[in-house]
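Everything below concerns the one structure shown next.
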Ligand SMILES: O=C(O)CCC(=O)C(=O)O
C-alpha cells in the first residue's frame, strides 16, 4: 500500500483525503445518474430557491426521496412534498440507493440509508458558498455526494468558514463521502468553468444523498 502526505490509499477505488473524507474516483455509472436527474426534473423541475433573507440561490436544485431540502422566506428545512406541485418527491430508485449504501459501507459508515437526495445543477460562473449541512436529524450519518458533468473544485474548510481549504477536484462519475469529523465542516464549490461535457453540456450536476429524517 502506498502512502504519501495527502492521500492514504485504503482500497484500490477509495482514498481517504482527510479524516472522514473519502473519494471514489470514476465510481458511478454516469448515464444512470444523468437519466435519473432528467427523470426527477420531469415531475420536480430544477428551480432557484430563495434564502430566508430573500436572496436567490444561484445553484438550481430539486430533490428525490422521502423528503426534499427546501429554502424560502420561511427558512431552511425538509419538505415531504414538493411545494411547487404539492406532490411527493420522486423516489430514490433501489439500484441507486444500493450503490450509495455500498460506498458508505466501504468507508466504514454501516447501514447508511439515504432518505433524501438533493440534486444541484450548476451553470458556468456559478459557485456554492461555504455552508454546513445542518438541517438533518442525525450527524453521525455521512453525506454521500455524486458528481456528474463539468468538473469542479470542492472545498472543505474546518468548523469555521474561513481559513485554508482542502481543495478536491471532482470529476464526472466521482463519489465523495464526508462524515465523522468532516460531517459538520464548512464546504462549498468554486465557480464553475465554462466547459462542455459530452453528457451534460455546460452543466455540472451533483447529487447529495443524506439521511435527513
Ligand atoms: O455540489 C457539490 O459538490 C456539493 C453540494 C453541497 O455541498 C450541498 O448541496 O450541500
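If the Cβ limit is 7 Å and pairs must be 6+ apart or interchain, which residue in the stretch 35-61 that is within 15 Å of residue 131 (Cα to Cα) pairs with which residue that is modelled with pLDDT under 95 and in a helix (DSSP H, G or I)?
Hits for this filter: zero, empty list.
Is the stretch 132-142 home to any residue that is out of contact with any helix residue (DSSP H, G or I) (no Cβ under 8 Å at 6 or more places or on another chain), buried (at least 20 other Cβ atoms within 10 Å of the Cβ) and in a strand (DSSP E or B)?
no
Give the residue that is nearest to the chain's Cα centre (by Cα), with candidates limited to residues of the stretch 37-60 that are assigned to a helix (DSSP H, G or I) and within 16 Å of the ligand (Cβ to nearest atom).
Among those that are assigned to a helix (DSSP H, G or I) and within 16 Å of the ligand (Cβ to nearest atom), it is 37.
From the set of residues in the stretch 65-74 that are without any contact (Cβ under 8 Å) to a residue 60 or more places away in the chain and away from the ligand (no atom under 16 Å from the Cβ), which is nearest to residue 119 (Cα to Cα)?
Taking the candidates together, the pick is 72.
Under 7 Å between Cβ atoms, at least 6 apart or on separate chains: pull out the pairs that start in the stretch 188-202 with a residue that is without any contact (Cβ under 8 Å) to a residue 12 or more places away in the chain and farther than 25 Å from residue 166 by Cβ and end on any residue that is more than 16 Å from the ligand (Cβ to nearest atom) and in a loop (DSSP other than H, G, I, E, B).
From residues that are without any contact (Cβ under 8 Å) to a residue 12 or more places away in the chain and farther than 25 Å from residue 166 by Cβ, there are no pairs.
Considering each of 115, 133, 111 in turn, give the residue that is away from the ligand (no atom under 14 Å from the Cβ) and under 15 Å from the mean Cα position of the chain (by Cα).
115
The values are calculated or read from the model by the stated rules, or taken from the named source; none is laboratory data. Predicted, not measured: the structure shown is a model, and the values here were computed from it. Reconstructed Cβ throughout: ideal geometry from the backbone, glycine too, with neighbour counts over all protein chains shown.
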